[in-house]
Each structure stands twice: as structure tokens, then as C-alpha cells.
Amino acid sequence: MTVATLSDVLSKAKENKYAVAGLVVLGWEDARCYAETAEDLGLPIILQAGPGCRANTPVPILGKMFRYLAEKSSQPIVCHLDHGYSKEECIEGMESGFTSVMFDGSKLSLSENIEKTHEIAELAHKNNISVEGEIGFVGYNEGAASQSTDPIEAKEFADKSNCDAMAISAGNVHLQTNTSSSIDTDAIEKIQSLTSIPLVLHGSSGIDHTLRRKLASTTNVCKFNIGTELRKTFGDNLRKKMDQNPNIYDRIQLINLPLQELKTVTKTVIENITKF
Ligand SMILES: [Zn+2]
């Protein structure tokens, strides 16, 4: 049984200069595929359920699913709730078996964000659960624009919010379908000169693998959230294989069609940032 907290895996990653993949889960099949890949590689991962996943499957079911996979694994697996927008959402995650919750107060004022993140962190820490906060705003491809993290505000947020990991905005953008993001490494260095908290980059599908590896091995970025790269692998291969297999109609057979390709890409994603 290796149910881990975010704090467990990120403190080791920071100390040993690697990063851990925050893998965006949409359902049972991809979650199981990620856990099997981590087991094959002998490396830790973070399974994360974001708002899209939670809109489709209730949080208590996702909590049980993640815990089941983590308990069966010999590798550390973090059961993480991604982008909780309220205290209530975070509490539901904590009560459902998640070992880590992200409170996304990035749209609030600095003082409100600190206050709410702190409140959630206090509650979480009493139950040995980790909290990720966000400062600055990571925008969305073809959606809301980013607001870069101000290093001075980041220091204040890290010092006062009591969170265990801090998501920052430094050129990373959610939902990128190609690796064209231009990351402001100077801003990352400035932030880590002011605070030693492990850093998180959301929208890492937009960052090319060479840069991810470099950031993992040379900066305090200890968690890369990867969603679109994996969702695209699943969807593109599912479509292709359905065309090639017009006689398959069974849901379980259909949904298993792209899993080998998903496993191959997941393996590359994890190894690239975690194994040096
Ligand atoms: Zn995100």
C-alpha cells in the first residue's frame, strides 16, 4: 500500500532534483493505465481529478477509485483533487479519500487567496492531507488570458498561506495542443530565490519535453500537470482504431482500444521528468 501525499512526493523530488507528473484523469480506464505505468517504471505519480472529471463522476467515487489504485501500487501514488474552487469542494475531496487538494484562489485578491488557502491548509494538515495553491493566473488556450505570477506576491503567498506546493503562471497555458509555450525561466528563478516552496506548472502539455526535463532537474518546479497531451493520445487513437475495427460495438472493448498507445505516451511523460 503506497498512498502518498503531495508533500511526501514533492519534498523528495525537490531534494533529488526531479519532478513528478500530475496526470489528468477522466475515468477508470486512464487512471488504471497511469497506475500500471507507474508500477512498470517503479516511479511515483499524482493522479488528479479536475472539474471536467468531477462533472462526470461524483467525487466520492473518484476518491475510492484513486485510493484503490494507490493501495494496490508498490509506488507512491498521490490522490489529488485539482482546481477546487471553494472550501466545500476541497472538504468533499478530503472526506472522500483524496490525500491532496488544490484550492484555486487565483481569481481572488492576494489577501483573500492567502486567507482561504490558509483556512483549507489548516484543515487539511490536521488530517495529513496536502494543499496546492495558485498565485497569478494560468490562462486557457482560446480562453481567459494568463496573469503572470509576481515574485514578491508569490513569496508572500508561500509564507502566509501554509500550502505545500504553489502553482505559478510563467508562460504556461492550459489546454495547449502543441508544445509552443514560451516559459519565463527568469521569473521561475526569481520566485525560487525568494521562496523554497515546491513549484507547480499547470498546462505542461504546452511545454516541450526537453524544457520539462531541464526545469525538473535544475529548478524547484517539482510537479508538471499533464492533461491535453494524454487526452489527445486517447482520443486520436480511439478514433483511428474505431475506424479500423467497425465491427466492435462493446463499450469495454472500444474504450480499451487506445490504452496501449496511452501507456506508451504516459511512460515517456513520466520518465522524462522523474528518472535521471
Ligand atoms: Zn490547471
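Quick note: the coordinates plus some simple rules give every number you see, no bench work behind them. Every value quoted in this text rests on a predicted model; they were computed, and no experiment measured them. In this analysis, Cβ positions are derived from the backbone assuming ideal geometry, glycine residues included, and neighbour counts consider all displayed protein chains.
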Going down the table (K241/K263; K12/K190; K72/K223; K14/K232; K12/K160; K155/K190), which pairs top 20 Å between alpha carbons?
K12/K190; K72/K223; K14/K232; K12/K160
In the chain, with Lys and Arg counted as +1 and Asp and Glu as -1 at Cβ, which of these residues, T179, A38, F137, has the Cα nearest the positive end of the dipole, that is, farthest along it?
A38
Could you work out the local net charge near K241, counting Lys and Arg as +1, Asp and Glu as -1, over the other residues with Cβ closer than 15 Å to its Cβ?
0
Using a/c under 1.5 as the rounded threshold, could you call the stretch 237-276 rounded, prolate or oblate? The axes a ≥ b ≥ c are square roots of the C-alpha gyration tensor eigenvalues, and prolate needs a/b larger than b/c, oblate otherwise.
prolate
With the calculation restricted to Cα positions, what are the radius of gyration and Dmax of the chain in angstrom?
17.8, 59
The stretch 3-103: C-alpha gyration tensor shape, a/c 1.5 cut-off, then a/b vs b/c:
oblate
Can you order the peptides 242-248, 84-90 by their average number of other Cβ atoms within 10 Å per residue, highest first?
84-90, 242-248
Helix 209-218 versus the longest principal axis of the chain: what is the Cα-based angle in degrees, 0 to 90, to the nearest 10?
40 degrees
Cα gyration tensor shape for the stretch 100-235, rounded if a/c is under 1.5, else prolate or oblate
prolate
Over the stretch 201-252, what per residue volume does the convex hull of the Cα atoms give, in whole Å³?
93 Å³
Which whole-percent values make up P(r) of the stretch 91-162 when all C-alpha to C-alpha distances are grouped in 10 Å steps starting at zero?
20, 46, 29, 5
Can you tell me the orientation of helix 110-126 relative to the chain, as the angle in degrees between its alpha-carbon axis and the longest Cα principal axis, to the nearest 10?
70 degrees
With +1 at each Lys and Arg Cβ and -1 at each Asp and Glu Cβ, the charge dipole magnitude of the stretch 52-104 around its Cα centre, to the nearest 20 debye, comes out at 240 debye
Normalized C-alpha radius of gyration of the stretch 127-187, against 2.2 N^0.38 Å?
1.24
Relative counts (whole %) of C-alpha pair distances in the stretch 57-113, using bins that are 5 Å wide:
4, 20, 25, 20, 14, 9, 6, 2, 0
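Run the dipole for the chain about the Cα centre, Lys and Arg Cβ at +1, Asp and Glu Cβ at -1, nothing else charged, and hand back the magnitude in debye, nearest 20.
Working: 28 positive and 36 negative charges, 156 e Å.
That gives a dipole near 740 debye.
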Which residue, Q253, Q75, I226, has the largest displacement toward the positive end of the dipole of the chain when charges sit on each Cβ (Lys, Arg +1; Asp, Glu -1)?
Q253
